[in-house]
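I have placed the structure first, in the form of structure tokens, so that the comments after it can refer back to it.
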Amino acid sequence: MQPTYIRLGWVKPIVIENLKGITVGALDKRKIRGKLIEGIHWKKVHGTVMYHYERIDQLFEDIDESAA
């Protein structure tokens, strides 16, 4: 039996914090510094900043590979 994966897509920052351990403050800093790209990693929906759950993973995988 293959494992089932659920894609979360765009989520509130608290979801990233709870499931990935990246604090809301750390997300904000990365967003301000331009590490997270608007429309790809984050976007504003009805005045609320949302982050793309899977693309945040991809960002950190890219960072890990370039450090190796």
Check Trp10: other-chain or 5+ apart residues with amide H under 5 Å from its amide H, H built from backbone geometry?
Tyr53
Computed on Cα atoms, the radius of gyration and Dmax of the chain in angstrom are 12.7, 43
Of all stretches in the chain that avoid trypsin sites (Lys or Arg not before Pro) placed in a DSSP loop and having at most 10 other Cβ atoms within 10 Å, the longest is 34-68
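Coordinate-derived values only; no laboratory data. These numbers come from a predicted model, not from an experiment. Cβ atoms come from the backbone with ideal geometry, glycine included; neighbour counts cover every protein chain shown.
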